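To keep things clear, I will list the structure first and then write my remarks on it.
Nothing in this text is a laboratory measurement; each read-out follows from the coordinates by a stated rule. The structure displayed is predicted, hence computed values, not measured ones. Backbone-built Cβ (ideal geometry, glycine too); neighbour counts: all protein chains shown.
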Amino acid sequence: MGESARAGDRITEVAGIEVGQHHFIDADAKVATVDVDGAGWATGTTIVRITAPNAVCAVDVRGGGPGTRETDLLDPSNTVQTAHAIVLTGGSAYGLAAADGVMGGLEAAGVGLPMDERGHVVPIVPAAVIFDLPVGDWTSRPDADFGRRALAGSSGEVAIGSVGAGAGARAGAVKGGVGTASRTIADGPAAGITVGALMVANPVGSVIDPATGLPWGAGASELGYHGLQQPSPGDVAGFADLVAKQTVLNTTIGVVATDATLDPASTKRVAMAAHDGLARAIVPAHSPLDGDTIFAVATGRLHPEPPPLVPRGMNPDVAVVAEVGRVAAVVVARAIVGAVLAATSVAGIPAYRDVVPSAFTSRAE
């Protein structure tokens, strides 16, 4: 149901980050309509495991209808400043149960905040959900076992498309899914720092501009990266007709990670900047019906020297934070677009690649 992300262009290029996924999709799964209940399974869970020992985590929630766990804990003013895994999952609020399985697996491995001298730990596992309950049977949703299985399979490889938490995702009129991207900054104050993103695209808004048939987040400079070209007028018209009949679901969630050394407030600033990429790729974004949530992780592998003459009272890492935030927006937009391009049809939800096939050329390497 998915494909492998390109080496060198995935969130796991950030040292200290792994990804694990588990989903269940029935071949005969059906989407609920006004008159008919959904049937079968089409949902899953994606986790971002944080193996870096001194990672700092933050979150920025901008949708009006979020489903989350442990986000208050990640406020920079609070005591705990790290996480051991982040769960992205289907199942709406019910799917938060997947985080219990991740906690149990981490505890069994001795991973978590140490609580005493006897080895007891409390893993910190924030989570966010998408609303995919109408895709498949309403009661077919991730539980703790999904979380355990996703954790057990975590590695440096990343599958994209209709996998993990993206199994039942929709992106406006077409199939949504999981996408990832990364970029290493070549020069300037943040030279050598890598920024990566993993996103689950399930927005109320559209990732595709109905007037052009191309992704909003793939302007002229990005078409080559995504391997796209202007589609035929017939495909554009067909997509516009599909948009007119779309069913509204909601929420795009994800994680942006960097190997920079950042304090909690600066990590929060990266999460905030990452939402710019979400808004470039989805129109409209951050609606009252969305639960748009982006976590940020700074694994602390690199700490570039601050530029000279930073005014007294200013964060000495301000130039690094600004550049990391700028690139975070780029990789988030790429990951969202990539999720839709890689998605395949599930439960009768059409994939973009099937609706607008003339848009595809060979994907850039």
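Ordering Thr194, Thr46 from the fewest to the most neighbouring beta carbons within 10 Å gives Thr194, Thr46. Of the residues His22, Thr252, Gly213, the one whose Cα sits farthest towards the positive end of the charge dipole of the chain is Gly213 (charges of +1 on Lys and Arg Cβ, -1 on Asp and Glu Cβ, taken about the Cα centre).
Considering helices alone, the calculated mean residue ellipticity of the chain at 222 nm is -7500 deg cm²/dmol, with DSSP H runs of length four and up weighted by -39500 (n - 2.57) and normalised per residue.
A value for Rg and Dmax of the Cα atoms in Å was derived from the coordinates, and within the list [x] 24.4, 77; [y] 21.9, 88; [z] 19.6, 68 it appears as [z]. Using 0.36 nm per residue and subtracting the Cα-Cα separation, the extra length available between Val243 and Phe360 on full extension is 40.2 nm.
Shape summary of the range 235-302, radius of gyration then Dmax from alpha carbon positions: 16.3, 49 Å. Our coupling estimate for the range 193-201, obtained by passing each phi through the Karplus curve with A = 6.51, B = -1.76, C = 1.60 and θ = phi - 60°, is 7, 9, 10, x, 9, 10, 10, 10, 8 Hz, Gly and Pro reported as x. Would you look at the GNM of the chain, springs on alpha carbons closer than 10 Å, and say which of Gly90, Gly64, Gly164 moves the most? Highest fluctuation among the options: Gly64. Once divided by 2.2 N^0.38 Å, the Cα radius of gyration of the range 66-204 becomes 1.17. Summed over all non-identical Cα pairs, the Kirkwood treatment of the range 72-126 gives a radius of 12.1 Å. Scanning the chain for DSSP H helices at least 30 Å long along the axis (C-alpha atoms) with a Kyte-Doolittle mean no lower than -1.0 picks out 318-342. Applying both filters, DSSP loop and at most 15 other Cβ atoms within 10 Å, to the GluC sites (Glu not before Pro) of the range 1-90 eliminates every site. Run the dipole for the chain about the Cα centre, Lys and Arg Cβ at +1, Asp and Glu Cβ at -1, nothing else charged, and hand back the magnitude in debye, nearest 20. In total the dipole reaches around 360 debye. Per the Kirkwood formula applied to alpha carbons, the range 123-254 shows a radius of gyration over Rh ratio, Rg over Rh, of 1.02.
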